[in-house]
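None of the figures in this text is laboratory data; all of them are computed from the coordinates on show. Quantities reported herein were computed from a predicted structural model and do not represent experimental measurements. Positions of Cβ are generated from backbone atoms using ideal geometry, with glycine treated the same way; all protein chains shown enter the neighbour counts.
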Ligand SMILES: Cc1ncc(C[n+]2csc(CCOP(=O)(O)OP(=O)(O)O)c2C)c(N)n1
C-alpha cells in the first residue's frame, strides 16, 4: 500500500544507508544478484558486507568503463548486476560501454549513480552531473529513475533487478524529505499524483518533489491551485498522466535537479508537443556546469528552489488563455 | 644536496601540511590523507625544481603541474599560497560559495593551477598533451604529473603512458604517489596493481623509486629528469597516506575525514614544533 505521508520533514534514513542495506538484502534473496563497485563501497556502506561475501560483491577499482563491461559480461552469464559509482562516473565516464555492451548487446544491468546534480555539493563541478538523465534517456529500452525518497529507492531498486534493459537510478546519499510510506509500492513507469490542483500542473522528480510540494503550498495561499505529480520514472515516462494533467490544468511547470536540456523537461515537452501543447516552463539548470558549495547555496545558485517554482508557475499561468 | 637547502625543503613540506590542514579544517572536512602524502613532493617541486614565476603564472615556458588526483587540491593550494600565488588567508575559503579554491583543482579558478582535474585518470592524457604542446612549440619546459595509485586503476592512465612513450615525451615526469591506499582501503585489498616500476619500464619509461617522505631523495630523482633522452620519466614515490600527522596516518580509512577544532589544534602544535626544530 502506497500512502503519501509528506509533511515536509526529512526521512531519518540516509539514502546511503538504505543502499547499504538493500543491496545485500537483494543479494540474499536472489543468488543471481551480484554487486559491483568502483572503489566507492565505503561511500554507501556496503564495504563490510562485500568483504564477507567476496562471491557476491566485486570491487572493480577506479575503472568505471571496465566495470560496466564486466557487469555486462556477467549479465550474459545469467547474473543480475547492480553497479554503483558516483553519477558522473556512472554516466559520462562509461557511456559507450553502457550503450553498446549494455543496451545494444542486450545485457541487462542496473546502474546506481549517487549524488546527482547539486547533491554532489563539496565534490564540486567535476562530480556534479546535470546531464546523466539526458545521456541515459537516449539508450533504447533504458529505464531512468530520479529517486524521490528512501521508500521510493527501495521500491524501484527491487523492481530493477528483474527488469529488462539498462536501468539507471540517480540518488543522493544523504537525507530526503519523506514522501511515501515505508511499504510503498511505486510501479516503474507510473506517475504519482501527490496533490490535486486545477490551475497549473507541476511535474517534478528527485529532490525537486519536495520543492514542488512547498511551492504548491505557497501558491495555494495566493489562491492558485497547483497539482503536483511525481515523475520519478523519467523513462518510460507516464505520457498518459502527463497529457491528462496538462489538459486539465492548461499550464505546466517541470522541476528537475538537472540541465534543462535532455532531462525531464525535454521528456515532458516531447509529450506536450504531440498531444496538448499548453504553456510550459521549467525550473532546471541553465546551460551551465556545476560548482562547489553547500546544497542550499547551490539550489539558490542554479535556481532550484520552491521560490523559483512559484515564480515559474505564475509566469506560465500568465501565458494561459 | 646542501644541508641548508634540505632543511628549507623539509620546512616547506611541513608548512604545506599546515596550510592544507588549515584549509580543510576551515571547511570542517576534506581529503586529508591524499593531501598529506604529496606534501614532500610538492615541497621539492615548488621549492626549487620547477621553473615558475608566481608573478607570471601563465608564462608559456614555465614548468607545469598536473595534479591528476585532483582531490589533493588543498595541498597544491598550500604550496601555491606559500609561494605567493594568492594570499595565505584565502586558504580558509576552501569550498565556500564562490571560492577560487574548490575541493578539486580547477585551472579556471585558482592562480597557479595549470590543469583542471577531479575525474581520476583524465589528468594523465591532459599532461601528455601539455608536454607534447611544449615540444611542438620548441619550449624547454617540463610537465609534472601527479597520479594516485588508486587512480592508476583507470585504463586511461595506461593509454596516456603508452602515448607518452610512443611520442617520446621526455619532458613528461610521472610522479606516482604510491601511498598504498585508495578510497575503500588498502590497494592490495581493493585492486592490487603489482609492480609499478616494472610496469613503467615495460611501457618504455626511465624509472626511479624513492622514499616519497624524503625531500632529498625526491630532489635527486627529479634532478635526473632535467635532461631528456627520448623517454618519459616515472618516479614511484613510496609514501604513506596521511604522512606527517600520525593520528591521520594510523587510520586505515583516512581518505576523507572531518577535522575537529581539537584535532586541528593538536596537529598544528605538533607541526609547529617540527618547523621550529628545522628552522631553529
Ligand atoms: C573517475 C573517478 N572515479 C571515482 C572517483 C572518486 N574518488 C575520488 S578519490 C578516490 C580514491 C583515489 O585513490 P588514490 O588515487 O590512491 O588517491 P589517494 O589515496 O592518494 O588520495 C576515488 C575513488 C573520482 N574522483 N573519479
message: Give me the base-10 log of I(q)/I(0) for region A:208-263 at each q in 0.14 Å⁻¹, Debye formula, one uniform scatterer per Cα, rounded to two decimals.
response: -0.42
field: Per-residue [θ]222 nm for chain A (sum of -39500 (n - 2.57) over DSSP H runs n ≥ 4, rounded to 500)
entry: -10500 deg cm²/dmol
Distribution of pairwise C-alpha distances over region A:82-137, 5 Å bins, in %: 5, 21, 30, 24, 12, 6, 3, 0
message: Could you tell me how far the Cα centroid of region A:141-186 sits from the Cα centroid of region A:257-276, in Å?
response: 21 Å
statement: Per the C-alpha gyration tensor (a ≥ b ≥ c, the square roots of its eigenvalues), region B:1-87 is rounded if a/c is under 1.5, else prolate if a/b beats b/c, else oblate; here it's oblate
query: Taking a ≥ b ≥ c as the square roots of the eigenvalues of the Cα gyration tensor of region A:1-57, is the shape rounded (a/c under 1.5), prolate (a/b larger than b/c) or oblate?
result: oblate
query: Can you pull the semi-axes for region A:111-200, root of five times each eigenvalue of the Cα gyration tensor, sorted largest first, whole Å?
result: 21, 18, 15
statement: Where a ≥ b ≥ c are root eigenvalues of the Cα gyration tensor, a/c under 1.5 meaning rounded, otherwise prolate if a/b exceeds b/c and oblate otherwise, region A:57-101 counts as oblate
- request: Return a whole-number percent for the relative contact order of region A:192-318, with Cα pairs under 8 Å and 6 or more residues apart as the contact set.
  value: 29 percent
field: Convex hull per residue volume in Å³, alpha carbons only, for region B:147-280
entry: 116 Å³
query: Which of the peptides A:21-34, B:102-115, B:35-48 is most tightly packed, and how do the rest follow, judged by the mean count of other Cβ atoms within 10 Å per residue?
result: B:35-48, B:102-115, A:21-34
task: Order by neighbour count: B:152, A:17, fewest other Cβ atoms within 10 Å first, most last.
output: A:17, B:152
- line: Diffusion coefficient in µm²/s returned for region B:47-173 by Stokes-Einstein, Kirkwood Rh over C-alpha pairs, 4 °C and 1.567 mPa s, is 87 µm²/s
query: If R0 is 25 Å, what FRET efficiency do you get for residue B:107 and residue B:180 from their C-beta distance, rounded to 0.05?
result: 0.30
statement: Helix-only [θ] at 222 nm, chain B, -39500 (n - 2.57) per DSSP H run of 4+, per residue, nearest 500, equals -12500 deg cm²/dmol
message: Residue by residue through B:184-191, how many Cβ atoms from other chains fall within 10 Å of the Cβ on average?
response: 5
- prompt: What's log10 of I(q)/I(0) for region B:206-245 at q = 0.23 Å⁻¹, Debye sum over Cα points only, no solvent?
  reply: -0.73
- prompt: How long are the three semi-axes of the equivalent ellipsoid for the protein assembly as shown, computed from the Cα gyration tensor as the root of 5 times each eigenvalue, in whole Å, largest first?
  reply: 46, 26, 22
- prompt: What does the highest-first list of A:123-129, B:186-192 look like by mean Cβ count within 10 Å?
  reply: A:123-129, B:186-192
statement: For region A:180-321, the Cα-Cα pair-distance distribution in 10 Å bins from 0, as whole percents, is 13, 46, 33, 8, 0
- request: Return the Cα extents of chain A along principal axes one, two and three, sorted largest first, each rounded to a whole Å.
  value: 60, 40, 38
- prompt: Rounded to two decimals, what is Rg over Rh for region A:15-171 when you use alpha-carbon atoms and the Kirkwood radius?
  reply: 0.92
field: Once the Cα gyration tensor of region B:3-279 is diagonalised, semi-axes √(5λ) in Å
entry: 27, 21, 18
